[in-house]
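To start, the structure itself, in C-alpha cells.
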Amino acid sequence: MSITEQKAAAGMELQSQESTYLDAINQALREAMEEDSRVFIIGEDVGVYGGAFKVTKGLFDKFGAKRVIDSPLCESGFIGAAVGAALMGLRPVVEVQYADFISCGWDQIVNVAAKIHYRTGDPVPLVIRAPSGAGLRAGPFHSQSPEGWFAHTPGLKVVAPATPFDARGMLKSAILEENPVIFFEHKYLYRRLKERLPKEAYEVPLGKALVRREGNDVTVISYGAMLHKAIEAAEGLAEKSISVEVVDVRTLTPLDRETLVGSVKKTGKAVVVCEDNFSYGVAAELTATISEAAFEYLDGPIVRIAPPDTPIPFSPPLEDAYLPQVVDITAAIEKLARY
Amino acid sequence: MSITEQKAAAGMELQSQESTYLDAINQALREAMEEDSRVFIIGEDVGVYGGAFKVTKGLFDKFGAKRVIDSPLCESGFIGAAVGAALMGLRPVVEVQYADFISCGWDQIVNVAAKIHYRTGDPVPLVIRAPSGAGLRAGPFHSQSPEGWFAHTPGLKVVAPATPFDARGMLKSAILEENPVIFFEHKYLYRRLKERLPKEAYEVPLGKALVRREGNDVTVISYGAMLHKAIEAAEGLAEKSISVEVVDVRTLTPLDRETLVGSVKKTGKAVVVCEDNFSYGVAAELTATISEAAFEYLDGPIVRIAPPDTPIPFSPPLEDAYLPQVVDITAAIEKLARY
Amino acid sequence: MEPTKEQLMDMYYYMLLGRAFEERLEALYRQGRIPGAIYLGRGQEASYIGSAYALKTGDVIAPTHRDMMAMLPRGMDVKSIMAQHYGKVTGPTRGRGEADYLGDLSKGIFTTVSMLPDFYPVAAGAALAFKYRGEDRVALAYCGDGATSRGDWHEALNLAAVMNLPVVFFVINNKYAYSTPNENEMKIADIADRAAGYGIPGRTVDGNDVLAVHEATLAAVDNARTERGPSLIEAKTMRMRGHAGHDPYDYVPKASLEEWEKKDPIKRYEEYLTGLDWFNDDEREVLATRVGNEIKDAVDFAEASPLPDPSEVTTGVYH
Amino acid sequence: MEPTKEQLMDMYYYMLLGRAFEERLEALYRQGRIPGAIYLGRGQEASYIGSAYALKTGDVIAPTHRDMMAMLPRGMDVKSIMAQHYGKVTGPTRGRGEADYLGDLSKGIFTTVSMLPDFYPVAAGAALAFKYRGEDRVALAYCGDGATSRGDWHEALNLAAVMNLPVVFFVINNKYAYSTPNENEMKIADIADRAAGYGIPGRTVDGNDVLAVHEATLAAVDNARTERGPSLIEAKTMRMRGHAGHDPYDYVPKASLEEWEKKDPIKRYEEYLTGLDWFNDDEREVLATRVGNEIKDAVDFAEASPLPDPSEVTTGVYH
Ligand SMILES: Cc1ncc(C[n+]2csc(CCOP(=O)(O)OP(=O)(O)O)c2C)c(N)n1
Ligand SMILES: Cc1ncc(C[n+]2csc(CCOP(=O)(O)OP(=O)(O)O)c2C)c(N)n1
Ligand SMILES: [Mg+2]
Ligand SMILES: [Mg+2]
C-alpha cells in the first residue's frame, strides 16, 4: 500500500500544500503545543532563530519565550533540566542542534532519564529531537547516526521516521508518550521529501514497522534515509523481475520483530540496510532477530549493508564511498535473489 | 588446551603464589610503569587510597603523586586530560571508578579520543580501565556492562579479559597500543579467580579469541564473567555426552571473527552468552557475524543468551533472574544440541 | 523568622531519628544482614535537617548517595528506607535500587542516582516547571564538595542563573570526596565563592549548626520564592564515617576526627536546647523512645517484607 | 616587554593574512566552489593574532571552529587549510574533516573538534604532560562565550587549577553563541570573573586591540611558564559575520554591527602603526601583495590537488 493510499484508506483529508519532512515536524510541534500547554521546547537557538535547521521556525513568535526556550550551550544541563520538568508534569521537547552533540548529554539520558521509571514507576514524558545522518558533506562531527547506542539502552524509545507523514505522526506520538523518546530526524530528508499531509492532527503509533512495498523474492529492511535507497533499488530490480519487499522499521525500540520476521518468513531472504555503522549496531540486531526467529525459513544468508566502522568522512568521494548506495543495495539483493 | 597447559607450552616459569584477577591487573600496571616512565595513572582515589577496588594499591607509594594522580571528580575532565597527555607522548592509564561512570566522560571518548587518528594520523595511546559487571548486589548504578556501546564506536579498541592471565597480558598489550583502548575488568572476578602467573612480563595480543574448551556438538561463545558460567555448563553437559566447544571472545574490537566462525563451522551450532543486555548489543553482533559467515554450516538457529533489556536490579532474587545462569545456558545448549 | 518551639523540637527529633537510623544500618551492615552498600552521613545531621526542614509541602529536594537524612523532614518513612536496604518489595524501588538510591516523588523527593551531581540540572528543571506554571514551589539540590568538580554542577548553576529559576543549590562540604581531600578537589577555600561566577548569591554556613543552616536555607528559599532566583549554600561539616561501609577511613588523621567529634551537631544542638527554659530531660527521653521504636518497627517491617518475585524483573521499564 | 618592530609587523601580516583568507573563503563559499561549511572570525583578528603570537615553538594551541586565524602565527600553511575546505587529499585531514576542523600536531596545533569546548580538558592534559616531563612549554585553549556554559569548561579550569598546570584558557567573547546573546548564556558581565571560583587569575581585555591581547597573553603564558599555574583571559570582541556561511545574521541589530565596524581591529592597528615613525605605506603595500599571492597560491594549490580516492575510506581508523 503506497503512502497516499494509506492516508486515503484512513479517510484523511489532505492539505492543499505539500509539506517537507521538516515542515511536518514543525507542524507536529505546533499542534502539540496548541493542544497541550505543558509542551515546551528547549535547546540551542530554537527561539528567535528558529533552530539551526529552522525546524522550530515561527514557534517562538506564536508561543513566546516561555515555551520556546533558548538554552545556554549545555546539552547535559538542558537535557537534565528537561528530565526535571518532565518529572514535575511538563512535557519537554528538547532539540539537540545536531545528533552528534547528543553525546554531550549522554549520561543524563542513559543514567537519569532511562533509569527512573524502572526504579520508581514515575513517568518521564520527554522527547529529544536529534537531526542525524550523513550525505550533506558535513563531516565527522555533523553527520552521525547514533541511534544504535540508544537502541541498546533499556528505558528509552528510539524512533527514526522516513517520511513527512511518519515524521509528523510519530513526533506527535512521541510527545504523548510517558517515556523518554529519542527522535532521530534524518537531516538529509529535511527538504528533499514532500508530500501532502492530512489536515487533521493524527498519530502514527510507535513500535510498528511498515511494509512499504510488497514483494516475494527478497525482503529489504531499512529505515530513515536509507529506506529511500532501498526502495529505489527495489524498483530498479522489478525490471529484472526480482520482486523485493521493503520493510520500514520506523521504531528501533520497541522493535516490531513480528513484522520484520513475518516478511522474511514469506520471502525467505533478507537484506538489512542501515546508516548506523556496521559492527555492534542496528544492522546486527536486525540480522540477529531474523536469524533467531526465521531460521527455518531462510533460503540464504542475511546480508548486512551498512557503512564501515569509521568516523564519517567529509570529502564527497569519501562520503559517497562511506554511505551505502543504491548500486550496493541492488547488487546485494540481486546476488541474494540468485542464491 | 587448559590455561595452565597454555602457559607451560609457552615455556613460562610461574610465580610461586597464585594471583587474583585483581592482582594480575596490579602487576601489569606496576610492570608497565617500571618499564616506561611515560606511563601514568589518573582517576578518582587511585593514589593514597589505592582505588575503590584497591587495584592500584601500592603504586602511589612506589611511583609517587606525579605518576599516580588523584583527580578531582570529573570523568570528562580527566579523560580529556588523558587524551591531551597521550597526544603529547605520555601513556595515560585512566581508572574510571565504576564502569557505570564512564558515561560521564562519554563525549571525550567517542568524539575526541576515537576520532583523532582517522583525521590526523596521530596516535592516541590511552587506556581507560573500567570495572564492569553485575553479580555483587550493587544495583543499577554500580553493575553495568557498557561494552556494547563502545564496541559500536569506530576508533576504539574494546577488551574484556576473563582470567588473571589474560587480564595481566592484555592490559600490558593495551598500554603498549597506540590507540584508545577501553579495558573492561569484570569486578565479579576480581577476587574470585586465582591462578599462578608467569614470573616474566608477557603480553596477550589484542584481537585474538581463544578456544577455551574443545568440543564437537555446539559452540558457546562468551567473554568476561559469563565465560565461566559457559564453561561450567559445558562441563556439566559432558556427563550427558554433549560435547561443547567454548570460545572466549576476549577482544570485542577488533573482533576475531575468524576464530568464532571457524568454531561454528566445525560444530554447526552456536550459543552466544553475554552479560551486556540483549538487544542491539554484543550478543547481536556475535549472532549476526556467525549467521553471515557460517550460514551454510548451521544446523540450528543461533541462540542468544543475555540479560533482559532493563536496568540492573539490586535485590538478590531480581539480580539472579536478570543475569544468565548456568541452568539457562545448559538448557539452551541441550535444546540446541538436540535440534 | 525565629523557629517556634515546635519547630525546634521537630528538628531535634529528625536529627535523632537520622542518627539512630544510621547507627542501626551500620550494625545491620556489619552483621551482614543487608545485601548492599551503606553511605553514612553521621556528623552531617545539622546540614541535612536544617536545610530540608526549611522547605514546605510542594517543594522538592534532590539528594545524593549520602543524603538520606534530608528525606526525613520531607516525610520519607524509615520503614520504606529500611526495606530498600533489605532489597524488599516494600521499599520505594521495590527492590530494584540499592542503598539510599531512592526517593518518593509524592513527597517531593527525587529518586537518587549515583552519578554526581546529575540531579543538579534535574532540580533546575523542576524549578523551571514551577516557574512555568507560576507555582509557589522551590527545588533544593544537594551534593558534596567532590561533586562540585563535575560539569553538570556548572551547567546547572549557570542555566538556573540565566533563567532565574527558584532553586537552591546546597553543597555539603565534608572535607573529603571519598578519600580525596578538598585540596585535591579545588584550589579555593570556599565553594560558595563560585556563586559570583554565575551572578547569584553564595553563602558559607557552619554545617554543624542546625539553626545557622536552617536560617541560611530559609533565606535562600525565600529568594527563590520571591523570584530573585537561585542561590548557592555551602555547609561546612565533616563526614564522621568512611565513604561507604567497607571503607577503613584511614586516610583521615585520627586527631582530626576527634576534633570534629567535639563539634558533634547533635550534642551541640542539645546544649543549645538545654539552655532554653522550656526544654527538659523528659522531652529528650520521650523523643529517644519514639525514635527507638520507629527504628525497631522499621527493621521488623523490612525483615517481614517479602523479597521481590524473580518474574518481576522485566516489568516496568516503560510506563 | 614591548614588541619589536619585527613582531609588530608580523602581527600585522598575520591579521591581514587571516582577513584575506576568510574573504576569499567567503567568496568561494558563495560561489559554491567548496563543499562544506564556513565559520568566519572576521572582526576577531586581534584576539587570535595577539594571543597566538605570544607563544613559542613547542607550545600548543587548541582552537575551536572559528579559530583558524590563531593557527597562522603557529605556522599553519594556508594552502593546507584551503585544501581542507576543498576536501582535497592535500589538506591536513586528507579530506576526512570539514571546514576548520583541522590542526597539525607537528606545529603545536591540536586538531579541532566540533563539540565545545572539548579541547579545554585536552589542553590541560597537554600541560600536564609538559609539567610531567619538566618541559618549558605551555598550552593555550580557545573557546567562545557560548562554550563557557558547558561542563567541560568547568572541569578543565578546575582540574588545571588543582594540578597547577601550565595552561592558558582564552575565551573569545564575541557577544553571541550562534544566535544566542550573552544575556541568554550567562548572568554575569565578565566571564573572566569566573576565574576566582577556581582560584586562578582572570583578566578581561579589549579583544579588538591586538597589542592589549598580546600583552595579556604574554603575562598569562609567563605565569604558566614560571609554575604559577593556569589563567583565564576573556577577550571582548564582536563576530562581524553570521555564525556560519548560511546564517543571514539577522538577529543582531544593524546599528550594533555598524558600531563595531568602526572598531575594526585591523583599521585600528593600522592607525596605531601609522603613528609610528618607521611605518609607511610601502610596507603595507608589500604585505598586501604578499598576502594576495599567498591566498591565490592557496586556491590554486587546493584546486589542483586531487580528491581522495574512495578506496581510502576505511584506512587509518587505527594506528
Ligand atoms: C560521576 C561520578 N563519578 C564517580 C562517582 C563515585 N563516587 C561516589 S561518592 C564519591 C565521592 C563523592 O564526594 P562528595 O561529592 O564530596 O560527597 P560525599 O561522599 O563526601 O558526601 C565518588 C567519587 C560517582 N558517584 N559519580
Ligand atoms: C557541545 C556543542 N553543542 C552545540 C554545538 C553547535 N554549535 C556550534 S558553534 C555554536 C555556538 C558557539 O558559540 P561560542 O562558543 O560563543 O563561539 P562562537 O561561535 O561565537 O565563536 C553552537 C551552539 C557545538 N559545536 N558543541
Ligand atoms: Mg564530600
Ligand atoms: Mg561567541
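Each reported figure results from applying straightforward, stated rules to the coordinates on display, with no laboratory input. Computed from a predicted model, the values in this text were never measured in an experiment. Neighbour counts are summed over all protein chains in view; Cβ atoms, including those assigned to glycine, are modelled from backbone coordinates with ideal geometry.
Numbers for the structure displayed
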item: Gap separating the Cα centres of the stretch C:98-128 and the stretch A:35-95, nearest whole Å; result: 22 Å
item: Calculated FRET value between A:Ser16 and A:Glu235, using beta carbons and R₀ = 22 Å, to 0.05; result: 0.20
item: Cα-centre dipole for the stretch D:42-162 with unit charges at Cβ (Lys and Arg positive, Asp and Glu negative), debye to 20; result: 340 debye
item: Dimensions (Å) - the stretch A:63-133, Cα atoms, principal axes, largest first; result: 30, 29, 19
item: Zone of B:Glu214's modelled label, taken as backbone nitrogen in the stretch B:243-277 under 18 Å from a point 7 Å along Cα→Cβ; result: B:243-248, B:259-269
item: Helix B:282-293 vs. chain B, principal-axis angle (Cα, 0 to 90°, nearest 10); result: 60 degrees
item: Hits among aspartates and glutamates - C-alpha to C-alpha of C:Lys262 under 15 Å, sequence gap 8 or more where chains match; result: C:Glu45, C:Asp206, C:Asp209, C:Glu270, C:Glu271
item: Sum of -39500 (n - 2.57) over DSSP H runs of 4+, divided by residues of chain C (222 nm, nearest 500); result: -13000 deg cm²/dmol
item: Rg and Dmax [Cα atoms of the protein assembly as shown; Å; Rg one decimal, Dmax integer]; result: 30.7, 100
item: DSSP beta bridges in the stretch A:210-337 [antiparallel fraction, %, rounded to 5]; result: 20 percent
item: Rounded to 5, percent antiparallel among DSSP beta bridges of chain D; result: 10 percent
item: Rounded to 10°, Cα long-axis angle of helix B:257-267 versus longest principal axis of chain B; result: 20 degrees
item: Cα gyration tensor category, rounded, prolate or oblate, for chain D with a/c compared to 1.5; result: rounded
item: For A:Asp320, A:Asp61, C:Asp145, order by how many other beta-carbon atoms lie within 10 Å, fewest first; result: A:Asp61, A:Asp320, C:Asp145
item: Label zone at C:Arg225, where the point sits 7 Å out along the Cα-to-Cβ direction: the stretch C:39-74 residues whose backbone N lies under 12 Å; result: C:54-59
item: Where trypsin sites (Lys or Arg not before Pro) fall in DSSP loop in the stretch D:210-319, at most 15 other Cβ within 10 Å; result: D:Arg228, D:Lys262
item: Estimated 222 nm signal from helices in chain A, with DSSP H stretches of n ≥ 4 weighted -39500 (n - 2.57), rounded to 500; result: -11000 deg cm²/dmol
item: Counting DSSP beta bridges with both ends in the protein assembly as shown, the antiparallel % (nearest 5); result: 20 percent
item: As computed over the stretch A:211-276, the Cα convex hull volume per residue (Å³); result: 67 Å³
item: Dipole-positive endmost among C:Asn173, C:Ala54, C:Gly95 within the stretch C:5-307 (Cβ charges, Cα centre); result: C:Gly95
item: Ascending count of other beta-carbon atoms within 10 Å, so fewest first, for D:Glu303, A:Glu285, B:Glu177, C:Glu271; result: C:Glu271, D:Glu303, B:Glu177, A:Glu285
item: Candidate lysines for bridging to D:Lys296, where Cα separation is under 22 Å - those fewer than 8 sequence places away on the same chain excluded; result: D:Lys79, D:Lys88
item: Estimated dipole of the protein assembly as shown in Debye, rounded to 20 [Cβ of Lys and Arg +1, of Asp and Glu -1, Cα centre]; result: 1040 debye
item: Candidates per chymotrypsin sites (Phe, Trp or Tyr not before Pro) in the stretch D:271-319, loop by DSSP, up to 11 other Cβ within 10 Å; result: D:Trp278
item: Closest Cβ on chain C to the rotation axis that carries it onto D (distance rounded to whole Å); result: C:Gly151, 1
item: Mean separation of Cα contacts under 8 Å (6+ apart) over length of the stretch C:5-307, as relative contact order %; result: 23 percent
item: Listed residues A:Ala306, A:Ala65, A:Ala32, most fluctuating in chain A (Gaussian network, C-alpha, under 10 Å); result: A:Ala65
item: Peptide-level mean, for C:105-114, of C-beta atoms on other protein chains within 10 Å; result: 5
item: Computed label-point distance, nm, for sites D:Thr314 and D:Glu183 using a 7 Å Cα→Cβ extension; result: 5.6 nm
item: Rh (Kirkwood; distinct C-alpha pairs) - the stretch C:149-298, Å; result: 17.9 Å
item: Calculated on alpha-carbon atoms, Rg and Dmax of the stretch B:16-198 in Å; result: 15.0, 48
item: Other copies of C:Gln7: label-to-label distances in nm, shortest first, labels 7 Å along the beta-carbon direction; result: 6.2
item: Among A:Asp122, A:Asp256, A:Asp276: highest mean-square fluctuation, GNM of chain A, C-alpha pairs under 10 Å; result: A:Asp122
item: Area projected by the alpha carbon convex hull of chain A, averaged over all directions, nm²; result: 16.7 nm²
item: Of B:Tyr339, B:Thr153, B:Thr163, farthest towards positive along the dipole that unit charges on Lys, Arg, Asp, Glu beta carbons give chain B; result: B:Thr163
item: Using alpha-carbon coordinates, inclination of helix A:75-87 to the longest axis of chain A, degrees; result: 80 degrees
item: In the stretch A:162-218, trypsin sites (Lys or Arg not before Pro) in a DSSP loop with at most 12 other beta-carbon atoms within 10 Å; result: A:Lys199
item: Relative contact order computed over chain B (Cα-Cα under 8 Å; 6+ residues apart), in percent; result: 16 percent
item: Rounded if a/c under 1.5, otherwise prolate or oblate - the stretch B:210-337, Cα gyration tensor axes; result: oblate
item: Sequence-distant lysines (8 or more away, or on other chains) whose Cα lies within less than 28 Å of B:Lys265; result: A:Lys265, A:Lys266, A:Lys269, A:Lys335, B:Lys7, B:Lys157, B:Lys208, B:Lys229, B:Lys240, B:Lys335
item: 15 Å beta-carbon shell around B:Ala321, net charge (K/R +1, D/E -1); result: -3
item: Neighbour-count order for C:Met1, D:Met238, D:Met9, fewest beta carbons within 10 angstrom listed first; result: C:Met1, D:Met9, D:Met238
item: Net +/- balance of residues flanking D:Pro63 in space, Cβ distance below 10 Å, scoring K and R +1, D and E -1; result: 0
item: At 7 Å out from Cα toward Cβ: A:Lys208 inter-copy label distances (nm, ascending); result: 5.4
item: Anisotropy class of the stretch C:90-177 from Cα gyration tensor, a/c 1.5 cut; result: oblate
item: For A:Val273, net neighbour charge (Lys/Arg +1, Asp/Glu -1) across residues whose Cβ lies under 12 Å away; result: -3
item: Size of electric dipole in the stretch B:16-198: Cβ of Lys, Arg +1 and of Asp, Glu -1, about Cα centre, debye, nearest 20; result: 260 debye
item: GNM result for chain A, Cα springs below 10 Å: residue of A:Pro92, A:Pro180, A:Pro301 fluctuating most strongly; result: A:Pro301
